[in-house]
1. Inspect the range 153-165 for any residue being farther than 22 Å from A44 by Cα and in contact with a Pro (Cβ under 8 Å, 6 or more places away or on another chain) and give the result as yes or no.
2. In the range 110-147, which residue that is surrounded by 13 or more Cβ atoms within 10 Å (Cβ to Cβ) and β-branched (V, I, T) is modelled with the lowest pLDDT?
3. Of all the residues that make up the range 134-155, how many are within 25 Å of R102 (Cβ to Cβ) and touching a residue at least 12 places away in the same chain (Cβ under 8 Å)?
4. Counting just the residues of the range 56-106 that are aromatic (F, W, Y) and more than 22 Å from the chain's Cα centre (by Cα), which one comes out surrounded by the fewest Cβ atoms within 10 Å (Cβ to Cβ)?
Amino acid sequence: MAPPCGQKPPCSFSPLVVRVASRREAPPLVGGFSPLLRAPCSPAFFIQELVPENKYFVLRIKNNWKLEFDDSSGLVKVGASQDAQSYRVINFCDLETKTEFRLVTNLPSTGEAAVSDHEIRDTYRLRWGGELLWKFLKMHLKLDKLITKNVNGITIQIFVSLIAYLILQLLSIPQQWGHTLLDKFRYLPSCMCQKISYVHWFEEMMSC
């Protein structure tokens, strides 16, 4: 349900996302897709932005990043810059591909809120669901380009795309058309002209 006019929605996107997007020096589109919605900046940028806001993060860093163990804290200094900070770094290896993964995080390793190395690994794996979501929004729901740099406009554009995505999740279409989100997306424009009332048509699909 939409909030009354003039009131803010119950949830909002990360101020970091909107703040980067609304900057006039925001990076141009790369490959037809705004870097903001995929990987707008390096992990170092996000670390610098998130730490002052007391946000937890799990990020993958390149294997060629300079790491220096800090004996006093038991953490690892990440990066070669003079203001580089120390964080928890976890290494994993894919034995099949012989690929090493390095994850940097500020999640605690001790105390009541301790998070194990394996839990951090599983948390990072969940990113793939987010990647697939943004890929669909970009390719099929017109979120490959930001139509404005106004904070409110960016927020509205993202919300509209997500609402359309959720509607597709709820819809049921004839079995011969398939069952994936892409099948539903293709079904809608193909059959719109066959129905006189879109309202009754959507009610029919929602009740299936």
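1. So far as the range 153-165 goes, yes, one or more of its residues are farther than 22 Å from A44 by Cα and in contact with a Pro (Cβ under 8 Å, 6 or more places away or on another chain).
2. T123
3. Filtering the range 134-155 for residues within 25 Å of R102 (Cβ to Cβ) gives 134-135.
Subsequent filtering for residues that are touching a residue at least 12 places away in the same chain (Cβ under 8 Å) retains 134.
Residues in the range 134-155 being within 25 Å of R102 (Cβ to Cβ) and touching a residue at least 12 places away in the same chain (Cβ under 8 Å): 1 in total.
4. My answer is F69.
The values are calculated or read from the model by the stated rules, or taken from the named source; none is laboratory data. Only a predicted model underlies this, so the values are computations on that prediction, with no experimental measurement involved. Cβ coordinates were reconstructed from backbone atoms using ideal geometry, including for glycine residues, and neighbour counts include every protein chain displayed.
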